[in-house]
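The values are calculated or read from the model by the stated rules, or taken from the named source; none is laboratory data. These numbers come from a predicted model, not from an experiment. So basically every Cβ, Gly included, is an ideal-geometry build from the backbone, and we count neighbours across all protein chains shown.
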Amino acid sequence: MEYRFYGADDCDVRPINNEYPDINNPKDLYDALSDIWCAETCAPRMRKDWSEENKTLGQCSITAFLCQDIFGGKVYGVPLGDGNYHCYNIVDGKRFDLTSEQFEHKLIYKYEYEQFREEHFSKQEKYERYLYLKEALKKRQEK
């Protein structure tokens, strides 16, 4: 399978725990999430534009923090110019962005700022979307 997310060619990081036994690298996680991402996990302000063809739309922060749960590392964000940040991961010096495909243009990962759960999850709806994603991934592992 060809992976089009940013960093796909260099994201050979391994899990820091075995909470998800079928997830051995970010590509495995991307495959699993491709079956889970949905309008309910999309950021509310973007739901009207979410589609099966653009599954990663509005999924960045909850996906990046779930990646952090599995692979460790840090979550970073690049400013989008509208006051929001697009989130992605850096683990062991490897930068990857499982939700980069939502953009028609290539992001410039130059002006990046560390992102923190406490700030993102202070929005209850975002925390609930993260929990939904995490629980759906666990259920998928049990099948």
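Some observations on this one:
- Matching entry among 116, 103 (being modelled with pLDDT of 95 or more and among the aromatic types (Phe, Trp, Tyr)): 116
- Flag if residue 17 is part of a loop (DSSP other than H, G, I, E, B), among the polar types (S, T, N, Q) and either surrounded by 13 or more Cβ atoms within 10 Å (Cβ to Cβ) or in contact with a Pro (Cβ under 9 Å, 6 or more places away or on another chain) (or both): no
- Residue that is surrounded by 13 or more Cβ atoms within 10 Å (Cβ to Cβ), at pLDDT 95 or above, in contact with a helix residue (DSSP H, G or I) (Cβ under 6 Å, 6 or more places away or on another chain) and farther than 20 Å from residue 20 by Cα, where the choices are 129, 47: 47
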